[in-house]
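Chemist: I'd like to ask you about the structure that follows.
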Amino acid sequence: MPRRTLVTNIGELVTNDPQPGREGGPLGILRDAAVLFDGDRIVWVGAASDTPEPHRSVDVRPSSHPYGANIDGSPAHESAAHESARHESAAREPARSGRADASGATPPEPEVVDAGGRAVIPGFVDSHTHLVFGGDRAEEFAARMSGRAYEAGGIRSTVAATRAASEDELRARLAAFVVELRTQGTTTFEIKSGYGLSVADEERLVRLAREVTDEVTFLGAHVVPAEFRDDPRFRDAGTPDAADRAADAYVDLVVGEMLAACAPHAHWVDAFCERGAFTPEQSRRVLEAGAAAGLGVRVHGNQLGAGEGVRLAVELGAASVDHCTYLSDADVAALAASSTVATLLPGVEFSTRQPYPDARRLLDAGVTVALASDCNPGSSFTSSMAFCVAVAVRDMGMTPAEALWAATAGGAAALRRADVGAIRPGTRADLVELDAPSHVHLAYRPGVPLVRRVWAAGEPVAD
Ligand SMILES: [Zn+2]
């Protein structure tokens, strides 16, 4: 029998499922609420006083917000008659969810968890990380923060350390990161390759990432590796386009043998469309080849300057274009008219002392915005979505509600997922109980570990 859990006495439940009578606009906030999940799925959301179970071991205060959702998703506008009908139907509820056995046995009573009036939010959805790598770049960070030039090789130093690491070392490090994410409330996360940059090394990274998440992105087009950059075939001519020719030759490898090796383990393809990385033409080649291989498209763009990343992403119907720090009015308009999510990565600007992207401008234009960590050893070595929320509120013009939505439902949109990022019947039981009465505390109390309890797919996450 799958585990059944009732989380009740929730002072503020952020559902991301707005309905009449709920507060907070898109957050769909319910007060004095409860959530029931059966195995890995949420089966009921509503007022704690309306809990559809015969057994309630926790005294809950009467709700002043008598709105919920039935298991079929229809709103439950309660009345006394409706209430008694609901009790009658409670025993039949498992049959409606398709989980009762043929004997019609009643389901086991749920484990009851008292949230003590605290806030509960959907698990964070981190739609952009680079979590499989070797080494770290603390010295580079310290030098940057000291205003000193740092001569070591940036991404290429991580590529060298990653290639030198054994598969077991990478797997153990990744497992530690997964614990780090989950205990901080991140229950869905994407992982990109991009520190291998050879056929065998990229294949190894996507394969390892696939062991811990379905959301794996092939990012062979991260940077041009040293062996191509330094290849005398491209350098000896001494022409200004030598670097372009090295990149072209590397892209030939990416769209050929490397894509063929990585696509079976990946769900997405990505390219770093930026001056110093790949041109729009090279990025297009990679993204179109990935799409032809059945992968969804994502783009790194407009991080370091105005470029064509956003336009390319929109034209190709990308799920997301990530960074979006430097945008023209045309870029904003194109995003607003598209289904492409603008994913903002505040940890990067924080850790590199660059100007933050203007989330307000995007939101006011009607663009769907996601927040993600970009967790990587060079430009943003944080896995804390709460930190990203706090920075987005402090420095990017987002309200606490907008930032939380972007870090949960926005991330789900960036991954084109309807089963995560919201708390409603049918979604995966990914919940975070905060040690706070309100989601506002995520930004109001920056740096404080407010995650009290986490359930991922219905299972408690050990801390
Ligand atoms: Zn990135």
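The values are calculated or read from the model by the stated rules, or taken from the named source; none is laboratory data. Quick caveat, the model's predicted, so the values are computed rather than measured. Note that each Cβ is placed from the backbone with ideal geometry, even for glycine, and that neighbours are counted across all protein chains shown.
Chemist: When both residues are 6+ apart or on different chains and their Cβ atoms are under 8 Å apart, which pairs have a first residue that lies in the range 243-254 and is within 9 Å of Thr279 (Cβ to Cβ), and a second that is part of a helix (DSSP H, G or I) and at pLDDT below 95?
Modeler: Qualifying pairs under 8 Å: Ala247/Phe228.
Chemist: Quick check: anything in the range 230-245 under 30 Å from Gly411 (Cβ atoms) and not in a strand (DSSP E or B)?
Modeler: Start the filter on the range 230-245 by keeping residues that are under 30 Å from Gly411 (Cβ atoms), which leaves none.
No, the range 230-245 has no match at all.
Chemist: Report yes if some residue within the range 432-449 is in contact with a Leu (Cβ under 7 Å, 6 or more places away or on another chain), more than 16 Å from the ligand (Cβ to nearest atom) and within 28 Å of Ser338 (Cβ to Cβ); otherwise report no.
Modeler: Start the filter on the range 432-449 by keeping residues that are in contact with a Leu (Cβ under 7 Å, 6 or more places away or on another chain), which leaves 434-436, 439, 441-442.
So of that shortlist, the ones also more than 16 Å from the ligand (Cβ to nearest atom) come out as 434-436, 439, 441-442.
Next, from what is left, pick out any that are within 28 Å of Ser338 (Cβ to Cβ): none.
Within the range 432-449 (the criterion being in contact with a Leu (Cβ under 7 Å, 6 or more places away or on another chain), more than 16 Å from the ligand (Cβ to nearest atom) and within 28 Å of Ser338 (Cβ to Cβ)), the answer is no, since none of the residues qualifies.
Chemist: Does the range 320-338 contain at least one residue that is over 20 Å from Glu274 (Cα atoms), within 15 Å of the ligand (Cβ to nearest atom) and in contact (Cβ under 8 Å) with a residue 60 or more places away in the chain?
Modeler: No - not one qualifying residue is present in the range 320-338.
Chemist: What are the residues in the range 165-194 that are assigned to a loop (DSSP other than H, G, I, E, B), within 14 Å of Cys375 (Cα to Cα) and of a type in the set (Gly, Ala, Ser), if any? So that I can check it myself, show each step before the final result.
Modeler: The first filter runs over the range 165-194 and keeps only residues assigned to a loop (DSSP other than H, G, I, E, B), leaving 165-166, 184-185, 190, 193-194.
Checking the rest, the ones that are also within 14 Å of Cys375 (Cα to Cα) come to 184, 190, 193-194.
Once the filter is applied, which keeps residues that are assigned to a loop (DSSP other than H, G, I, E, B), within 14 Å of Cys375 (Cα to Cα) and of a type in the set (Gly, Ala, Ser), the range 165-194 yields Ser193, Gly194.
Chemist: Is it the case, given these coordinates, that Val348 is more than 13 Å from the ligand (Cβ to nearest atom), assigned by TED's automatic domain parsing to the domain that holds Phe177 and surrounded by 22 or more Cβ atoms within 10 Å (Cβ to Cβ)?
Modeler: Numbers: more than 13 Å from the ligand (Cβ to nearest atom): no; assigned by TED's automatic domain parsing to the domain that holds Phe177: yes; surrounded by 22 or more Cβ atoms within 10 Å (Cβ to Cβ): yes.
So Val348 does not fit the description; no.
Chemist: May I ask you to verify whether Gly116 is under 30 Å from Asp435 (Cβ atoms), modelled with pLDDT of 95 or more and in a loop (DSSP other than H, G, I, E, B)?
Modeler: Details: under 30 Å from Asp435 (Cβ atoms): yes; modelled with pLDDT of 95 or more: yes; in a loop (DSSP other than H, G, I, E, B): yes.
Answer is yes for this residue.
Chemist: To continue, here is another question. Would you confirm whether or not the range 184-199 contains a residue that is more than 23 Å from Val420 (Cβ to Cβ) and either away from the ligand (no atom under 16 Å from the Cβ) or without any contact (Cβ under 8 Å) to a residue 24 or more places away in the chain (or both)? First the steps, then the outcome.
Modeler: Quick first cut of the range 184-199, residues more than 23 Å from Val420 (Cβ to Cβ) only: 194-199.
Subset that is either away from the ligand (no atom under 16 Å from the Cβ) or without any contact (Cβ under 8 Å) to a residue 24 or more places away in the chain (or both): 198-199.
Checking the range 184-199: at least one residue is more than 23 Å from Val420 (Cβ to Cβ) and either away from the ligand (no atom under 16 Å from the Cβ) or without any contact (Cβ under 8 Å) to a residue 24 or more places away in the chain (or both).
Chemist: Suppose we filter the range 351-370 for residues that are within 16 Å of the ligand (Cβ to nearest atom) and over 29 Å from Phe141 (Cα atoms); how many remain?
Modeler: Qualifying residue count, the range 351-370: 0.
Chemist: Of the conditions (1) in a loop (DSSP other than H, G, I, E, B); (2) farther than 18 Å from Leu170 by Cα; (3) away from the ligand (no atom under 15 Å from the Cβ); (4) among the hydrophobic types (A, V, I, L, M, F, W, C), Val212 satisfies every one except a single condition; which number is it?
Modeler: That leaves (2) as the condition not met.
Chemist: Looking for whichever is more than 16 Å from the ligand (Cβ to nearest atom) and part of a loop (DSSP other than H, G, I, E, B) here; the options are Gly307, Gly317. Which one fits? If you could, list the steps in order and put the result at the bottom.
Modeler: Values: Gly307 fails: more than 16 Å from the ligand (Cβ to nearest atom).
Gly317 is the lone residue from the list that is more than 16 Å from the ligand (Cβ to nearest atom) and part of a loop (DSSP other than H, G, I, E, B).
Chemist: Do the conditions hold for Thr162, that is, is it assigned to a helix (DSSP H, G or I), within 16 Å of the ligand (Cβ to nearest atom) and out of contact with any helix residue (DSSP H, G or I) (no Cβ under 6 Å at 6 or more places or on another chain)? Spell out how you get there, then give the answer.
Modeler: On the way: assigned to a helix (DSSP H, G or I): yes; within 16 Å of the ligand (Cβ to nearest atom): yes; out of contact with any helix residue (DSSP H, G or I) (no Cβ under 6 Å at 6 or more places or on another chain): yes.
Spelling it out, Thr162 is indeed assigned to a helix (DSSP H, G or I), within 16 Å of the ligand (Cβ to nearest atom) and out of contact with any helix residue (DSSP H, G or I) (no Cβ under 6 Å at 6 or more places or on another chain).
Chemist: Can you tell me which residue among Gly185, Gly154 is closer than 21 Å to Ser127 by Cα, in the same structural domain as Arg229 (by TED's automatic domain parsing) and small (Gly, Ala, Ser)? Spell out the reasoning first.
Modeler: Details: Gly154 fails: closer than 21 Å to Ser127 by Cα.
Checking each option against the conditions leaves just Gly185.
Chemist: Among Leu219, Leu197, which is the only one that is closer than 19 Å to Phe272 by Cα, part of a loop (DSSP other than H, G, I, E, B) and either modelled with pLDDT of 95 or more or acidic (Asp, Glu) (or both)? Break it down stepwise before answering.
Modeler: Values: Leu219 fails: part of a loop (DSSP other than H, G, I, E, B).
None of the other options fit; the residue is Leu197.
Chemist: Right, next: Looking at Met396, is it crowded, with 24+ Cβ neighbours inside 10 Å and over 20 Å from Ile191 (Cα atoms)? Walk me through how you get there before you give the answer.
Modeler: On the way: crowded, with 24+ Cβ neighbours inside 10 Å: yes; over 20 Å from Ile191 (Cα atoms): yes.
Answer is yes for this residue.
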